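Data block below; observations after.
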Amino acid sequence: MSRRLALNTAGFVVAALVVAVLPRFISSYHALEWANVGIYFVALLGLNVLTGYSGQVSLGHGAFMAIGGYTSAILIAHHGVHDVWTIPLAGLVAGGAGLAFGLPALRLTGLYLALATFAVAVAFPALARKFERFTGGNAGLVLTLHTNDWLYYLSWSIAGAGLLLGWLVLATPIGRSFRALRDSEVAAISSGISPALYKTLAFGISSFYAGIAGSLVAISTAYVNPQTFPITLSLFLVVGLAVGGLGSLPGSVVGAILIQFLPTYAAHVSKQAPQVIEGAILVGVMLLLPGGAAGLFRLVQSSRQP
Amino acid sequence: MAQFWQQVVSGLASGGIYASLALALVIVYRSSGVINFAQGEMATFATFLAWTFLHHGISFWPAFALTLAVAFAGGVALERVVIRPVEGRPVLTVVILTIGLLILINGATQWIWGGAVRKFPSPFSTRPIHVGSAAFSIQDIGIVGVCLVAVALLTLFFRFTKLGLGLRAAAVNPEESRLVGVRVGWMLALGWGLSAALGAVSGMMVAPVVFLDPNMMQGILLYAFAAAVLGGLESPVGAVVGGLALGVLLNLLGTYFSTFGGEMRPTGLFGRTAVRRV
Amino acid sequence: MAPLLELEDVEARYGAIKALHGVSLAVGEGEVVALLGANGAGKTTTLRAVSGTVRRSGRISLVGHSLERRSPEAVARAGIAHVPEGRGTFAELSVRENLRLGAWTRRGRLHGEEERVLAYFPALAERIRQPAGTLSGGEQQMLALARALMARPRLLMLDEPSLGLAPLVVASIFAILRHLNEEEGLAVLLVEQNATLALEAAATAYVLEVGHVALAGPADDLRADESVRRSYLGY
């Protein structure tokens, strides 16, 4: 166990160093792209707690990102709060919304939960339009611009903190309860774990992360409107999660890279049919790599052992 | 009161479309245990094929039948090639696979036919017929009719043919079905084929109303999800009733509470507002 | 002449766990063969190895045609009807639909077939439209048997037909089995906890112990065998 801890710490330090010096070697435009990777990484960390560790599928995490994004945007645009201070508030508001949604969602399992969360994400843009007084309706809210490097360091500092926090939470009895529930609800109940409490908690934690990611989206694009958080965002989050690997927090980086760069890459391969390439890659990945990137790592590790 | 009945009938028309797509979802769910997120895109693709057939001078009903046959074959092939290898994998894997298919098929449709909105001919006249003071559109009645006939034929097939019995058996108990000699793998593929054909029916019925474009079915798929969930996902009858009820309900809400209908309608997965002829 | 069913050195495994370690046995045309043994000895697994619902290796042949690579569907088409433990009827389908599924592998008209089978099970005829799930345990066992007969199998494999049933029901099921064997020459491979019943019904019996054949011979000899009597017959 302590050896694994040492390995994880070493990996984290090396990764942090790489992240810290990267902007020196890439253009400002690419720094923004990598800032987005950091933001998706935060969102995927949260989704991983929910799906990878507590076994609940959400196809609507974009909606919780949107709640965070709008919280930040409203505080900044209407109340003049400084950007950075809105980030934790956005996390808390989205986390609260997640707890509130998680409670009724307890009655739903598997695909029903997936469809219910999907419906939330579909309904959200319409809701944002409806409360135009706060959200600016279709016109949206305009925020202050920042330099790309600043955004890069902001999103990756938060991503690093989020990763550490995630590890900490999952190492506590809370994390063990999540895993117990995911593996067998019956066994978990019989050892005194309340499914209602922990499933709701998982929803809350993952929405907290989503809210923070949404807030970062708002700050980095300096603009939010109902189309900032489209339903495709929710779908791509799930795709990124599966590609990065369920139940592997560092693997989520791979998913985040996929979400950011797959559309660009696909457009590069074929200008006429980028979506065909995107879809074909997704289908291919699911057919060939069922465990996602993390599964591939594990495969490499286990094949090395004698 | 006349307006009420008019709205009920036109609600039934949209309801019939939701119902056929919802039933397609349920057939796949019952046999493979997954929600096919690509069901709507498969229907759109098939409708574009129908447009091509029509464009080459084939008249409506032969083109309709030809499209159903191609959609059926396509559904079977999709199950064999893409879904079969992930049989028994976690639900999330299969869900993401169908999301990948959704993106792929949507992209292929745009690639082949372009993103432009097209007119799709209706086999029915838009002329109204008058019953008392109410005026019903022949097109609406025709749409309900075609959807219900498709559902009814499928029901007869499931209830009264040997193959239909095998399909039901494979869906409720695949292990046992193998022991009596039913080729369960082919039954699943057949289920996908039937679903694809049923989806094509809904696509060809809705296209004259909303116009044909690559994102045409996305909003409708969401209603079909809702209808299928209303009916309990497992129940074909529930899906049909759920679809019809949802169509009528949304239409009445849209008529009597104008704020509700316009704003709560989803605009499809890729965020474009569908053109709807009123 | 080759026996109807022949197993030679058959192994089977559930994941990493080996459940059969080289089982060999034979069922002749028109013969009733019983498989005896304690729980976990591999009786059910032997049947599953034949029908292909467990991973297996070794040689399995039906009148000389090898089965060991065939899927469960193909084994059923070859003429083996497997009635698994716990009946295995289609609870949501009606009795009649269950019977029709039994005849799935047969081509052409099945005129009079339902009547022929139902003649053995009058109780089922009365419930022909009911969903199978609403039948009593005994009726479900009868339905499972009737469904298997609809296929006109060359070999019937029965797993624990007496499990959880009242003695009277068990007696009538075994009477029907004996009749089918004597009148129609149906060959049966029978797994049964109740060794007394099984040895009465069978001509030949095999005793399995932890995945291999410990004893084999004519049913009468086994009945007279001291160790069999003590372990399985209880007197």
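Give the residue, chosen from B:Ser177, B:Ser235, that is among the polar types (S, T, N, Q) and surrounded by fewer than 19 Cβ atoms within 10 Å (Cβ to Cβ).
None of the other options fit; the residue is B:Ser235.
Taking C:Leu124 as the residue in question, decide whether it is surrounded by 20 or more Cβ atoms within 10 Å (Cβ to Cβ), farther than 23 Å from B:Phe157 by Cβ and of a type outside the set (D, E, K, R).
yes
Could you pull out every one of the helices (runs of 4 or more DSSP H) wholly within segment B:85-187 that has 2 or more residues that are away from chain A (no Cβ under 14 Å) and either within 30 Å of A:Leu288 (Cα to Cα) or in contact with a helix residue (DSSP H, G or I) (Cβ under 8 Å, 6 or more places away or on another chain) (or both)?
The qualifying helices (runs of 4 or more DSSP H) are B:138-160, B:162-172, B:174-179.
For C:Thr45, state whether it is under 19 Å from B:Arg178 (Cβ atoms), away from chain B (no Cβ under 14 Å) and at pLDDT 90 or above.
Against the criterion (under 19 Å from B:Arg178 (Cβ atoms), away from chain B (no Cβ under 14 Å) and at pLDDT 90 or above), C:Thr45 qualifies.
Only one of A:Leu108, A:Leu115, A:Leu143 is of a type outside the set (S, T, N, Q) and without any contact (Cβ under 8 Å) to a residue 12 or more places away in the chain; which?
Selected residue: A:Leu108, the only one of A:Leu108, A:Leu115, A:Leu143 that is of a type outside the set (S, T, N, Q) and without any contact (Cβ under 8 Å) to a residue 12 or more places away in the chain.
Considering only helices (runs of 4 or more DSSP H) fully contained in segment A:113-187, which possess at least 2 residues that are touching a His at 6+ places or on another chain (Cβ under 9 Å)?
A:148-171
Just one of (1) within 21 Å of A:Gly204 (Cα to Cα); (2) in contact with a strand residue (DSSP E or B) (Cβ under 6 Å, 6 or more places away or on another chain) trips up A:Leu141, so point out which.
A:Leu141 satisfies all of (1) within 21 Å of A:Gly204 (Cα to Cα); (2) in contact with a strand residue (DSSP E or B) (Cβ under 6 Å, 6 or more places away or on another chain) except (1).
For the condition open to solvent by less than 10 Å² (accessible area, probe 1.4 Å), at the interface with chain B (Cβ under 10 Å from one of its Cβ atoms), under 20 Å from C:Ala187 (Cα atoms) and modelled with pLDDT of 90 or more, what is the one hit in C:Ala78, C:Ala103, C:Ala74?
When all the criteria are applied, what remains is C:Ala103.
How many residues are without any contact (Cβ under 8 Å) to a residue 12 or more places away in the chain and loosely packed, with under 14 Cβ neighbours inside 10 Å when one looks only at segment A:151-164?
The total comes to 1.
Restricting to segment C:194-216, what's the tally of residues that are open to solvent by 40 Å² or more (accessible area, probe 1.4 Å) and in contact (Cβ under 8 Å) with a residue 40 or more places away in the chain?
7
Would you tally the residues in segment C:14-59 being hydroxyl-bearing (Ser, Thr, Tyr), over 19 Å from C:Ala76 (Cα atoms) and surrounded by 15 or more Cβ atoms within 10 Å (Cβ to Cβ)?
Of the residues in that region, 1 qualify.
Among the numbered criteria (1) open to solvent by 10 Å² or more (accessible area, probe 1.4 Å); (2) within 23 Å of A:Leu235 (Cα to Cα); (3) touching a residue at least 40 places away in the same chain (Cβ under 8 Å), which single criterion is violated by A:Gly98?
(1)
Which condition from (1) within 11 Å of another protein chain (Cβ to nearest Cβ); (2) under 15 Å from the mean Cα position of the chain (by Cα) is the one that B:Ala196 breaks?
(1)
Within the bounds of segment A:262-272, is there any residue that is closer than 23 Å to A:Ala121 by Cβ, within 11 Å of another protein chain (Cβ to nearest Cβ), open to solvent by 20 Å² or more (accessible area, probe 1.4 Å) and under 13 Å from the mean Cα position of the chain (by Cα)?
So far as segment A:262-272 goes, no, none of its residues is closer than 23 Å to A:Ala121 by Cβ, within 11 Å of another protein chain (Cβ to nearest Cβ), open to solvent by 20 Å² or more (accessible area, probe 1.4 Å) and under 13 Å from the mean Cα position of the chain (by Cα).
Please enumerate the residues belonging to segment C:217-232 that are open to solvent by less than 60 Å² (accessible area, probe 1.4 Å) and either part of a strand (DSSP E or B) or under 20 Å from C:Leu158 (Cα atoms) (or both).
C:Gly217, C:Ala219, C:Tyr232
Out of A:Val276, A:Val238, which single residue is within 13 Å of chain B (Cβ to nearest Cβ), closer than 30 Å to A:Phe12 by Cβ and either at pLDDT 85 or above or not in a helix (DSSP H, G or I) (or both)?
Exactly one of A:Val276, A:Val238 is within 13 Å of chain B (Cβ to nearest Cβ), closer than 30 Å to A:Phe12 by Cβ and either at pLDDT 85 or above or not in a helix (DSSP H, G or I) (or both), namely A:Val238.
Which residue is surrounded by the fewest Cβ atoms within 10 Å (Cβ to Cβ), if the candidates are limited to segment C:60-70 and must be at pLDDT 90 or above and of a type in the set (Gly, Ala, Ser)?
Across segment C:60-70, the extreme among qualifying residues is C:Ser66.
Going by the conditions given, is A:Ala63 at pLDDT below 90 and open to solvent by less than 30 Å² (accessible area, probe 1.4 Å)?
no
Residues in segment B:30-60 that are over 30 Å from B:Asn173 (Cβ atoms), assigned to a helix (DSSP H, G or I) and open to solvent by 10 Å² or more (accessible area, probe 1.4 Å): how many?
So the count comes out to 8.
Might you let me know whether segment A:165-177 holds any residue that is surrounded by fewer than 22 Cβ atoms within 10 Å (Cβ to Cβ), under 15 Å from the mean Cα position of the chain (by Cα) and aliphatic (A, V, I, L, M)?
yes
Condition test on C:Phe90, is it closer than 27 Å to B:Arg159 by Cβ, within 11 Å of chain B (Cβ to nearest Cβ) and open to solvent by less than 40 Å² (accessible area, probe 1.4 Å)?
yes
Report, by residue number, each residue of segment A:75-90 that is under 18 Å from A:Phe208 (Cβ atoms) and surrounded by 14 or more Cβ atoms within 10 Å (Cβ to Cβ).
Residues satisfying the conditions are A:Leu75, A:Thr86, A:Ile87, A:Pro88, A:Leu89, A:Ala90.
Could you please let me know if C:Gly30 is touching a residue at least 24 places away in the same chain (Cβ under 8 Å) and closer than 13 Å to C:Leu155 by Cβ?
yes
Taking segment A:209-235 only, how many residues are assigned to a loop (DSSP other than H, G, I, E, B) and crowded, with 24+ Cβ neighbours inside 10 Å?
1
The values are calculated or read from the model by the stated rules, or taken from the named source; none is laboratory data. Keep in mind it's a predicted model, so treat the numbers as computed, not measured. Because the Cβ atoms are built from the backbone with ideal geometry, glycine has one as well, and the counts that use them run over all protein chains shown. These accessible areas exclude ligands, DNA and RNA; they are computed on the full protein's heavy atoms, side chains included. Shrake-Rupley method; radii C 1.70, N 1.55, O 1.52, S 1.80 Å.
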